[in-house]
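The values are calculated or read from the model by the stated rules, or taken from the named source; none is laboratory data. Given the structure is predicted, the values throughout are model-derived calculations rather than measurements. All Cβ positions, glycine included, derive from the backbone under ideal geometry; neighbour counts span all protein chains shown. Accessible surface areas use protein heavy atoms only, side chains included; no ligands, DNA or RNA. Shrake-Rupley method; radii C 1.70, N 1.55, O 1.52, S 1.80 Å.
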Amino acid sequence: MSENDGKKQIIETGRRYKKTPFIKFMIWIAKKLMGVLWPTKVFFKERFNIEGRAIVTSNHYVKVDTNPIISTFYKHKPFKVLLKKELMEGNGFVAHFLDGIGGIPVHRGEGDIHAAREIIESLMNDEQVIIYPEGTRNKEGSKQMLPLKDGTALFAIKTKSPIVPMIHYAPASWKRKNYLLVGKPFTLEEFYNKKGPQVKTEATKILEQKYAELRKEIDEIVEVFHGNIKKYKKAHNLV
């Protein structure tokens, strides 16, 4: 089956995001506030060199975890992001704004076929989707991530999309500097032609390993080199 045929088989969700002038203005305001209220230093921005479809993943501490990602990498291009359905219910300003920026409502803790269809459709249309593979917030704020859900790996395999992993050093806090590390994009192409229940388990283990490596890397950058990325690169011959 060709990629175009695959696109035709995807069920249309009927939701199309339109950034009105008002929404664009509010996004501009929000991005300005993000940098002031939740300052985040981003390491290895150059690794985010993906054009076209991609699954952007991150660990999840607090509600504003998406802020530095969209304000750094999505200044001029559209994106989609998974959000709790409760945030997008109703006709209020918040729901309208979140829909306008590309929010995909999802029921937490249960299979959501409508959200899954929209994620797949977006990726097949060469769009980028931000997903938190833990599935919920790590409210304890520990370095150890919660067990990863298998949805991210399954979406990456089904749509043959690269994954761009990112990791926050600590929970974002009011006016306290935080750090975000961008990992190297990778694919799960070794699973593209495989079938069976073990595929999602094995593929998710790879994502878990990537995050273990990212945690080690960001801890070293922040705790050993005090956020000095130039010294870190020099020490590891990355200059």
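Does ALA95 satisfy the condition of being in contact with a strand residue (DSSP E or B) (Cβ under 8 Å, 6 or more places away or on another chain) and either modelled with pLDDT under 95 or among the charged types (D, E, K, R) (or both)? Here the answer is no, as ALA95 does not meet what is asked. Could we say that VAL164 is within 13 Å of the chain's Cα centre (by Cα), under 24 Å from ASP112 (Cα atoms) and either of a type outside the set (S, T, N, Q) or crowded, with 20+ Cβ neighbours inside 10 Å (or both) here? Spelling it out, VAL164 is indeed within 13 Å of the chain's Cα centre (by Cα), under 24 Å from ASP112 (Cα atoms) and either of a type outside the set (S, T, N, Q) or crowded, with 20+ Cβ neighbours inside 10 Å (or both). Here LYS7 clears all of (1) among the basic types (Lys, Arg); (2) modelled with pLDDT of 70 or more; (3) open to solvent by 50 Å² or more (accessible area, probe 1.4 Å) except the condition numbered (2). Look through the stretch 124-150, keep the residues that are open to solvent by less than 30 Å² (accessible area, probe 1.4 Å) and under 13 Å from the mean Cα position of the chain (by Cα), and return whichever of them is nearest to ASN67 (Cα to Cα). For the stretch 124-150, the residue satisfying everything is ILE130. Screening the stretch 175-201 for residues that are part of a loop (DSSP other than H, G, I, E, B) and open to solvent by less than 80 Å² (accessible area, probe 1.4 Å) and picking the one that is farthest from PHE73 (Cα to Cα) gives GLY196.
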